[in-house]
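Notes to accompany the following structure.
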Amino acid sequence: MERKQFTRRRFIGTAGTTATLGIAGCLGGGDSGENTIRYLSDRGDSSDVVDDIIEEFENEFDYTVEVTYTSRGTSTDEELQQMLAAGNPPDLVFDTSADAYRYQQNGSLATVTSAVQDVGLPDPVNIDGESYFAPTMVEPLMGWYRNDLYEENPTNFETWLSEAQRVSEEEDMNGYVVPTGQTNNADTSTTQYLWQNDVEIYSGPSDDIQITIDQGENRERAVETYQWLQSINEYAPNGSGWEWGDGTQALQQGNAAALMSVGGLPILSIRQNRPDLVDNLSPTGFPIPQGGSQDTWWAYMEGHVVRNDGEATEGAQEFTRFFSESERFLDFVLSAPLFQWPPTEELMNSDQMTENEVLAEHQEAVDLVRDNWDAFTTVLATGDEEAPNLTAANAYSGQLFGQSAEQMLVGSQSPEETVDWVAAELRGLQEEE
């Protein structure tokens, strides 16, 4: 690889101006070509660290990185589709493992094997020995409740329901948040509730996934889960269409006393806007049936994918490995502590994590993550023996389970009808695959 001393980096945008960024990304620029890596990332809030890594890369390799940022927690799909439609596909995208598998199955990805296997990262999208996704972090689902209103961590379905009712009646505040609709928040939450009740939604190997949510005991447990969701929704605000930030806003405004979210994302916002409230919030896992155990815990896995339809595929592959090996790797993870966690247990137990001031202030959350590390999984790994599951990836892409909650809580379907609806929709997805 040809080396160079310095290359000037062109910035397409910064965090918080998503629409403008998408247009700019589509328009591209005059010096684009095989030495210009188009990079699309929703980590605009971590741009300082990413920019430093990019500068180090540009000082060593003969590439310019043209980066389009959106804000953390917002989807890059709109920008991606605009760039593809304009004939200017990105070379590198920061995305989830589920989306990576969909893209790979569509033939859109190049390999990132050296950035994964040589570095020792998890390898969730491994096809025939080649890696197509380089994880940089995990983001486990996690709840937060008002410890000044809840007498203790409710833990199970029954106690959560009774405590949410008590808080709603005594405190003039909704006891819980239930998101519904075609949002990531609603989809992940509804899926996790089903997992908590040991509902096996799918079974089979990658090439023969079966829909089992409406079969035998799975159907009974799925109906029970939707019944519980229907009951606790009586003590929740109208969460139709709510994404992560909507639940956080309800919590910090005193409109709700508990929510399930992703990692410590609510704390990052509340630390800035309602620091007085932080000490009154405690972390918790998702509600679980009485006597149940925490076996499967949704943890987003996000990182880099390299597309094969851009002009700088090799450069994007080189940058992906450079990022994975960078001395600033953990700095990137810790640019959003509590929300972003390292992709390996070894990094999780590193001195840099232990010495982080924000994590030290929320030791309960750190312990929750460490104690449940072996339960963390992704929605992609839902075939037999955690085999990649295209149906699950496509269902997540369309937020099908979030829609199922909407069908019941807004559309007035019964829990039984909801299970039948989601099973039929999943089989419909398979017919399209």
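The values are calculated or read from the model by the stated rules, or taken from the named source; none is laboratory data. Since we're looking at a predicted model, the values are computed, not measured. In this analysis, Cβ positions are derived from the backbone assuming ideal geometry, glycine residues included, and neighbour counts consider all displayed protein chains. Areas reflect the complete protein model, heavy atoms only, side chains present, ligands, DNA and RNA absent. Shrake-Rupley method; radii C 1.70, N 1.55, O 1.52, S 1.80 Å.
Key figures
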read-out	value
Amide hydrogen neighbours beyond the local backbone of Ser131, cut-off 5 Å, H modeled	Val112, Thr113
Computed accessible area, Asp208, all protein chains, 1.4 angstrom probe, square angstrom	80 Å²
Loop GluC sites (Glu not before Pro), region 313-418 (other Cβ atoms within 10 Å of the site Cβ: 12 or fewer; DSSP)	Glu327, Glu355
Overall form of region 351-433 per C-alpha gyration tensor (a/c, 1.5; a/b vs b/c)	prolate
5 angstrom amide H check on Thr212, placed H, neighbours 5+ away	Tyr202, Ser203
Which of Thr248, Thr111 is most accessible, then next, and so on - probe 1.4 Å	Thr111, Thr248
Helical mean residue ellipticity (222 nm; -39500 (n - 2.57) per DSSP H run of 4+; nearest 500) of the chain	-12500 deg cm²/dmol
Using θ = phi - 60° and Karplus 6.51 cos²θ - 1.76 cosθ + 1.60, couplings along region 394-406 (whole Hz; Gly, Pro as x)	5, 5, 5, 4, x, 6, 5, 6, x, 5, 5, 4, 5
Choice from Gly315, Gly264, Gly120 with maximal GNM fluctuation in the chain (Cα, 10 Å cutoff)	Gly120
Integer Hz, Karplus 6.51/-1.76/1.60 couplings in order for region 240-252, x for Gly and Pro	5, x, 6, 9, 4, x, 5, x, 4, 4, 4, 5, 6
Candidate residues Glu432, Glu139: accessible-area rank, largest first, probe 1.4 Å	Glu432, Glu139
Beta bridges per DSSP with both ends in the chain, % antiparallel, nearest 5	65 percent
Whole-Hz ³J(HN,Hα) from phi, Karplus 6.51 cos²θ - 1.76 cosθ + 1.60, for region 341-347, glycine and proline x	10, x, x, 10, 5, 4, 5
Under-5 Å amide H pairs with Ile37, H placed in peptide plane, nonlocal only	Thr64, Val65, Glu66
Mean separation of Cα contacts under 8 Å, 6 or more apart, over the residue count of the chain: relative contact order %	24 percent
